[in-house]
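Shown next, in structure tokens, is the structure this report addresses.
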Amino acid sequence: MDRSAISALVSPYRRRPWMSETGAAAPAGGQVGLKGIVAGGITGGIEICITYPTEYVKTQLQLDEKGAGKKYNGIFDCVKKTVQQRGFFGLYRGLSVLVYGSIPKSAARFGAFEFLKSNAVDSRGQLSNSGKLLCGLGAGVCEAIVAVTPMETIKVKFINDQRSANPKFKGFAHGVGQIIKAEGVSGIYKGLTATILKQGSNQAIRFFVLESLKDLYKGEDHNKPVPKLVVGAFGAIAGAASVFGNTPLDVVKTRMQGLEASKYKNTAHCALQILKNEGPAAFYKGTVPRLGRVCLDVAITFMIYDSFMDLFNKVWV
């Protein structure tokens, strides 16, 4: 095989140095897979600790219905009342759920995307626009089934529990035990359809925008490295695009996973009830706090993930 052929084969992975060195397509297998799982878990933990309060406020606002049950008058009112009633760390209620789910979520997302991508690139190592969307969609569906649905369901139920006058969950283990005891294992898989729709569209939009911006930055030189700060900026843009594109699905997913989810027959019924009782604007509840969290989330995730993989390849032989 001549040099040009070899270059064409490895070029898909040069956008991330650690991938060109290992030749691995999916972080789910081999030593690079173990590195990817650890790096993804660390990245997820750091990112969640930084951005979780915005996720908490977003969820509270999405659970807040009109009428006598309405508790908050906006973002700042939600933060103020939470701190007054629970203290500053009340904004971190349910954090442990997302921390525990970081490793499988990251492994599923990046592993699925890189595996699908390795099988979808053309002879020049490039993804078509439809390929970017489909690979991102596959990554989102995979993470929704493997990790996001149970993780998000438990998180929403924890936050929802805090809204009651007498919270019944005393901690992560106790809360999960109570949910399974009352609803069975299926109790942590509420809203699976809505979550698949949300995560699938989420990652389809994010990876499409991110990969497209990287290609635009590189121009004709497909091997041109993209600085991590630039990757972070591209990630923030991709995150914002996904928020505006699928917040309605996120609202429906949150309602389907709340403690009052039993009043909805299914995902479609939930969406129709929201539209009927609260109007179209309800589908964009929590957009601002979600926008802040997701932009930071995507930017930080791609920057830190690549940085840890670079470090692991130097010290983890």
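The selection criterion, being small (Gly, Ala, Ser), under 21 Å from the mean Cα position of the chain (by Cα) and open to solvent by less than 10 Å² (accessible area, probe 1.4 Å), holds for Ser242. When Lys71 is tested against the conditions (1) part of a helix (DSSP H, G or I); (2) in contact (Cβ under 8 Å) with a residue 12 or more places away in the chain, the lone failure is (1).
Against the condition crowded, with 21+ Cβ neighbours inside 10 Å and either without any contact (Cβ under 8 Å) to a residue 24 or more places away in the chain or out of contact with any Ser or Thr (no Cβ under 7 Å at 6 or more places or on another chain) (or both), how does Val176 come out, does it pass? I'd like the intermediate steps shown before the answer.
Values: crowded, with 21+ Cβ neighbours inside 10 Å: no; either without any contact (Cβ under 8 Å) to a residue 24 or more places away in the chain or out of contact with any Ser or Thr (no Cβ under 7 Å at 6 or more places or on another chain) (or both): yes.
No; evaluated as a whole, the condition is false for this residue.
Ala268 fulfils the conditions (1) in contact (Cβ under 8 Å) with a residue 24 or more places away in the chain; (2) open to solvent by 60 Å² or more (accessible area, probe 1.4 Å); (3) in a helix (DSSP H, G or I) except for a single criterion, (1). Within segment 210-235, the set of residues being open to solvent by 30 Å² or more (accessible area, probe 1.4 Å), in a helix (DSSP H, G or I) and either touching a Ser or Thr at 6+ places or on another chain (Cβ under 8 Å) or not aromatic (Phe, Trp, Tyr) (or both) comprises Ser212, Leu213, Asp215, Leu216, Lys228, Leu229, Val230, Ala233. Taken over segment 74-96, the criterion of being under 16 Å from Arg163 (Cβ atoms) and at pLDDT below 85 is satisfied by Arg93, Gly94. Take the conditions open to solvent by 10 Å² or more (accessible area, probe 1.4 Å), part of a helix (DSSP H, G or I), β-branched (Val, Ile, Thr) and modelled with pLDDT of 75 or more and apply them to Ile37. Does it pass? No: the conditions fail for Ile37.
The values are calculated or read from the model by the stated rules, or taken from the named source; none is laboratory data. The shown structure was predicted, so the numbers you read here are calculated from the model rather than taken from an experiment. Positions of Cβ are generated from backbone atoms using ideal geometry, with glycine treated the same way; all protein chains shown enter the neighbour counts. Just the protein is used for accessible areas: all its heavy atoms, side chains included, with ligands, DNA and RNA removed. Shrake-Rupley method; radii C 1.70, N 1.55, O 1.52, S 1.80 Å.
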